[in-house]
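Read the figures in this text as sums done on the coordinates, not as results from a lab. As the structure is a prediction and not an experimental result, all values here were calculated from the model. Neighbour counts run over all protein chains shown; Cβ positions are idealised from the backbone, glycine included.
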Amino acid sequence: MGDKTVSDEMQMYSHVFSVLGKCTDDYLFVLDLQNNRYMISDSATKIFPFEATEMSNAFKALESIVYPQDYPMLEQNLQDIITGRSTEHDMEYRWVGRNGKPVWISCRGQVVNDADGKPEFLIGRITDIGKKSKIDGVTGLYREHSLKNQLRRMSEEDRLEGYLLQIGIDNFKEINEKCGSEVGNEVLLNMAECIKKVVGDTGKVYRMGGDEMAILVPGIFHEKKEDPAKALYKKIRDKIDQIFSEGGHMIYFTISAGSVYFHKEDRDVGKLIEYVGFALHQAKISGKNNCMRYSYAVYEEYVHALDVQEELRKDIENDFQGFELYYQPVVNIAKKKILGAEALIRWHSKKFGFMSPGQFIPMLEETGLIIPLGRWITRTAIQQCVKWQKVVPGFRMNVNLSFVQIKKSNALQDILFLIDTLNVDKSVLMIEVTESGEIESGVAARVLRSFKDESIPLAIDDFGTGYSNLRYVKDMTFDLVKIDQSFIRNITHSKYDYLVVKQFTELAHSLNLTVCYEGVETEEDFKCVLGLKPDYIQGYYFSRPVPAEEFEQKCLDQPVVF
Ligand code: C2E
Ligand code: CA
Ligand code: CA
């Protein structure tokens, strides 16, 4: 082919180009493989630093435009095409724009052979994939939507076998906030590069939302033998560490991952993406920097907990529907009288039936719903107490406050407000807080001291299970120590428990604290503990917690005989 022909042909292309170029956002190109010439749509020269639309040294022109790290990959592919080893050109890589920033492009071309069957032209189009929703502009990875499509295709073609590994950067939010989103993007790109290198052609990598990327690895795995997903996660983690220690990353980060294996029977591919996201979430909440495999049982439990939380929220919003306070008598041993009660919350859900406080209170605490419900509990309990004081003067109500209420709400102000509006004495209440390391320091300790400053009586609940010692309890000026049920449960059989309770009681009395035993169930228990001289006793032996009317009938102002 003479020079004239080349130029004629190129000129013809040039004309077609200028017309077609106006019909598309893509850039069209012709690479003359035999004469090393390159031609590109006019629109490309505005974004990328091409000298002209036609260039006589194609490879040199490309080398100056392509992102340096990506050039070897492109060069290899072009060599394969020139030598006839490959007839396909379908790649994603970066060009560097006039502003110096890399731009991900997708380049697809067809090889046109000459009369002798030798590759003569590569003709195709280039898409700025940052602009297209299919591909993520930061990492150049396909987005979640493509993963869904791929899984769907595999399912339709009956070859849905393999696993998904979803990886997230631990504390990515902090990186973004501290160093700015540009650095954040660089971290994402580094991670994407790292993952692609490790995965190679064994799987495909996708950008999910935020800082998460997913890897789809097809194949049949014998699950009992080993965990290939976990092994892949470890390899990626090692690679990230290695690159950092070689100075390749500016910022150190760790990663967490979740995995799910799938099979032909799994028809709902949307669920697989949900499951792998859930497994990653589990990995994050169990300390990060690890990989967790999806478990159906854990997922079910989680979904159930969300359902319960939803019901709790609805019932609380619906004027505390389904909630009721039960009351358990507190027997004053010296006076042989019921002079108080502990208010205990009950919930009867329309959807889940009766549920014990041990199950739903942690959920209320987690969601913060304990705060509005706690206010309702305190108000209801005080109103009830005021009513019962008319029958039994000096009657006192014990109300439980959890640490969430103490730390995250103005529990004290709420209580003072209630006491004021209901015009009652502060001594109607006894606030019970569970023993834990928290009460010794920080916000909780400060709040508890302010309760004391306001002369609101305080009890330390479940004493003996946590960390506090009695000296501390005295310093915090608690009024009452409630010895935990677990010591009373075996007191008739266990000499050790008996001696512990005896010691606690004597020590508490020597510090001028009053003592209550909880969980006294049988006559045998009762007789056994009576000799230890507690001030108060609570337990099934006298009564289980009961609704207000039942309390009025069976407990209020009733004699206690022993
Ligand atoms: P807690 O404050 O230690 O309450 C005593 C628990 O022991 C109650 O369980 C009560 O029903 C049970 N109990 C009483 N006597 C006996 C007995 O003789 N034998 C046995 N085996 N158990 C006995 P409940 O009502 O299931 O409450 C469990 C926990 O839930 C409470 O432990 C408390 O920590 C929390 N809770 C209950 N009501 C409230 C509330 O209104 N607010 C807050 N924040 N927590 C509450
Ligand atoms: Ca209690
Ligand atoms: Ca207790």
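Put a dot 7 Å past each Cα toward the Cβ at residue 201 and residue 159; how far apart are the dots in nm?
Roughly 1.4 nm, to one decimal.
Counting only Cα, what are the radius of gyration and maximum Cα-Cα distance Dmax of the chain, in Å?
36.4, 121
Calculate, for residue 45 and residue 183, the FRET efficiency according to 1/(1 + (r/R0)^6) with r their C-beta to C-beta distance and R0 45 Å; round to the nearest 0.05.
So, using R0 = 45 Å, E works out to roughly 0.90.
For the chain, what is the mean residue ellipticity at 222 nm derived from helices alone (per DSSP H run of n ≥ 4: -39500 (n - 2.57); sum divided by total residues; nearest 500 deg cm²/dmol)?
-13500 deg cm²/dmol
Along Cα→Cβ, 7 Å out, is where each label goes; now give me the distance between the ones at residue 410 and residue 455 in nm to one decimal.
2.3
Which residue, chosen from 97, 406, 273, occupies the Cα position most advanced towards the positive end of the dipole of the chain, where the dipole is computed from +1 (Lys, Arg) and -1 (Asp, Glu) charges on Cβ about the Cα centre?
406
Using the Cα centre as the reference, give the magnitude of the dipole from point charges on the C-beta atoms of the chain (Lys, Arg: +1; Asp, Glu: -1; all else neutral), rounded to the nearest 20 debye.
Around 1080 debye, computed over the chain.
Quickly rank 46-56, 160-170 as a protection proxy: mean count of other C-beta atoms within 10 Å, highest first.
Averaged packing, sorted descending, gives the order 160-170, 46-56.
Can you work out the FRET efficiency for the pair residue 221 and residue 90, with r the C-beta to C-beta distance and R0 = 30 Å, to the nearest 0.05?
Computed FRET efficiency for residue 221 and residue 90: 0.55.
Listing 291, 555 from the residue with the fewest other Cβ atoms within 10 Å to the one with the most, what is the order?
555, 291
Work out how much length residue 11 to residue 67 would gain on full extension: take 0.36 nm times their residue separation and subtract the Cα-Cα distance, in nm to one decimal. Can you show the working numbers first?
Details: separation 56, 0.36 × 56 = 20.16 nm, distance 2.91 nm.
17.2 nm is the gain from fully extending residue 11 to residue 67.
Which one, 382, 215, 181, is farthest towards the positive end of the dipole of the chain when Lys and Arg carry +1 and Asp and Glu -1 on their Cβ?
Towards the positive end, the residue furthest out is 382.
Which entries of 22/197; 314/426; 336/474; 60/178; 335/482; 204/271 have Cα-Cα distances beyond 30 Å here?
Violating the 30 Å limit, Cα to Cα: 22/197; 314/426; 60/178.
Sort 157, 524 so the one with the fewest other Cβ atoms within 10 Å of its own Cβ comes first.
The fewest-first ordering by Cβ neighbours comes to 157, 524.
Roughly how many nanometres apart are two label points built 7 Å out from the Cα toward the Cβ at residue 317 and residue 549?
3.1
Please arrange 363, 91 by counting, for each residue, the other beta carbons lying within 10 Å of its beta carbon, fewest first.
Result, fewest neighbours first: 91, 363.
How would region 342-453 be classified by its alpha-carbon gyration tensor: rounded, prolate or oblate, with rounded meaning a/c under 1.5 and the a/b versus b/c comparison settling the rest? Present the calculation step by step, with values, prior to reporting the outcome.
Numbers: a/c = 1.93, a/b = 1.09, b/c = 1.76.
Cα axes put region 342-453 in the oblate bin.
If you average the sequence gap of Cα pairs under 8 Å that are 6 or more apart and divide by the length of region 484-539, what percent do you get for the contact order?
Rounded, it is 39 percent for region 484-539.
Counting only C-alpha contacts under 8 Å and six or more residues apart, can you give the relative contact order of the chain as a whole percent? Walk me through the numbers before you get to the answer.
Details: 883 pairs, mean separation 46.1, N = 562.
Rounded, it is 8 percent for the chain.
Grab the beta carbon distance between residue 171 and residue 306, set R0 = 25 Å, and tell me the FRET efficiency rounded to 0.05.
Working from the Cβ atoms, E equals 0.50.
Ranked highest first by average number of other Cβ atoms within 10 Å, how do 418-424, 21-27 line up?
Per-residue mean Cβ counts within 10 Å order the peptides as 21-27, 418-424.
Quick check: from the Cα gyration tensor, does region 227-324 come out rounded (a/c under 1.5), prolate or oblate? Spell out each step's value before the answer.
Details: a/c = 3.82, a/b = 1.85, b/c = 2.06.
It is oblate, given that a/c is not under 1.5 and a/b is not larger than b/c.
Which of rounded, prolate, oblate describes region 155-215, given a ≥ b ≥ c as roots of the alpha-carbon gyration tensor eigenvalues and a/c under 1.5 marking rounded, otherwise prolate only if a/b is larger than b/c?
Prolate.
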